[in-house]
1. With each pseudo-label sitting 7 Å past Cα toward Cβ, what's the D116-S224 distance in nm, one decimal?
2. Compute the FRET efficiency between T107 and I44 as 1/(1 + (r/R0)^6), taking r as their Cβ-Cβ distance and R0 = 45 Å, and round to the nearest 0.05.
3. Run lengths n ≥ 4 of DSSP H only: what is the helix-derived mean residue ellipticity at 222 nm for the chain, with -39500 (n - 2.57) per run over all residues, to the nearest 500?
4. Probe 1.4 Å, all protein chains in place: accessible area of Y53 in Å², nearest 10?
5. Pick from V52, V113, V199: which is most flexible by mean-square fluctuation in a GNM of the chain where alpha carbon atoms under 10 Å apart are linked?
6. What is the ratio of the Cα radius of gyration of the chain to 2.2 N^0.38 Å, where N is its residue count, to two decimals?
7. Counting only DSSP beta bridges with both residues in the range 1-157, what percent are antiparallel, rounded to the nearest 5?
8. Against the longest alpha carbon principal axis of the chain, how many degrees, from 0 to 90 and to the nearest 10, is the axis of helix 282-293 turned?
Amino acid sequence: MDWKLKFISEENLKSHVEATIGKYGAKLEPFDIKSFNSNIIDPIKLIFDKTVYRYSWEDIVSKEIFRQRDKGNNNDIGYFHQGIFQYIPNCHVPQNGKEGGWDVIYTNPNGIVLPDKNIVHKIYVEMKNKHNTMNSASAGKTYIKMQHQLLSDDDCACFLVEAIAQRSQNIKWETTVDGKKVSHRNIRRVSIDQFYELVTGEKDSFYQLCMVLPETIEGVVKNSVNLKIQEDSVFEELKNIAKEVNGNTDDLAMAIAVYMLGFGSYSGFKNLMSDTFTENDSLLKRIYEYAKKLK
């Protein structure tokens, strides 16, 4: 395809997408029962969800695997949103924890005009994936950090940039610190589309990025020798446990197999596994030994 983005090259975007996928790390590995239950699942919740939402056992296991993989993905996507600005002119992405801990610093020697017509030459950015991810304590701490920055540099503004904002906006950030409502015209809450517009000079630059992103990601994944389709074994392992414990894979037998993951060392449950365990069954041996470690 003809490359249409002016603010980032095709090579740089592909490189950044590849680096973001690399952050997925161990989450790309296939799930077996040990990894599935590494933090010990809640069997009761799993069975409620399966029954109430009318999922099959295979569906609910797949959804739980997806949920576990997805828990860490917000940080990976946060890396994408922040790191891409290293390729955009006049933007700087400090190393983690360095330079005041800001996510992005944007400098324009020609001046940056804010919505109230105030002009500054530098913007310090704190970036969030979603508008509701900060509690009041975190919001207060971030606001105080921005106040301190304004005190040390009167030619700057501080932005809370949200990838998933409630609406497209560039507004004065009003929050509460120590029980008092506070605001400052140079401390602003900005949706990511308007921040892109500010730093690129193109009104729909974030939209343009979104339009090329699916094909770019697809191309990177397709051409990567390190990415493989996950062949998760959890459901088949649970079926095998169900057969050994109850002689079949009906609903109760599968429920018991799930119970064993969380309750395998509890009274009553441990007898189910020990009664049917044989030294020659490597699957049951692994589950049984795992259950014993939970005591």
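The values are calculated or read from the model by the stated rules, or taken from the named source; none is laboratory data. Remember, it's a predicted structure, so these values are computed and weren't measured experimentally. A quick note on method: Cβ atoms are made from the backbone with ideal geometry, for glycine too, and the neighbour counts reach across all protein chains shown. Remember, those area values only see protein heavy atoms, side chains included, never the ligands or the DNA or RNA. Shrake-Rupley method; radii C 1.70, N 1.55, O 1.52, S 1.80 Å.
1. 4.4
2. 0.25
3. -15500 deg cm²/dmol
4. Approximately 140 Å² of Y53 is accessible to the 1.4 Å probe.
5. Per the Cα network of the chain with a 10 Å cutoff, V52 tops the list.
6. 1.33
7. Approximately 80 percent, going by the DSSP bridge assignments.
8. Helix 282-293 and the main axis of the chain meet at about 70 degrees.
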